[in-house]
Amino acid sequence: MMPGLPELLIILVIVLFIFGPKRLKNIASGLGDAIKGFRKAVTDEKKESDASSFNNVLDEKVIDTSDLESQSETQKTENT
């Protein structure tokens, strides 16, 4: 159950009394930087994962030319 607006205001006032406005600003700034870094890391990991998945699909789709040539020769001998 989430706290309502009055509860959040009371918590904010208590935190403001405990830490003070200057220290609270530094804490909020550090928290914002940490969240920004976390989001960047998640985004980079997702891009890397997507690129890896795409490369794996490409690797599966690429046919080795020697296999293609041997299949072609096999079909020619079967047709004659």
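What to note about this one:
- Using a Förster distance of 22 Å, the FRET efficiency for I35-I14 (Cβ separation, nearest 0.05): 0.45
- Segment 11-54: C-alpha gyration tensor shape, a/c 1.5 cut-off, then a/b vs b/c: prolate
- Sorted peptide list for 23-29, 36-42, criterion being average Cβ within 10 angstrom, highest first: 23-29, 36-42
Laboratory data are not the source of any read-out in this text; all were calculated from the coordinates shown. All values derive from a computational prediction rather than experimental measurement. Cβ coordinates were reconstructed from backbone atoms using ideal geometry, including for glycine residues, and neighbour counts include every protein chain displayed.
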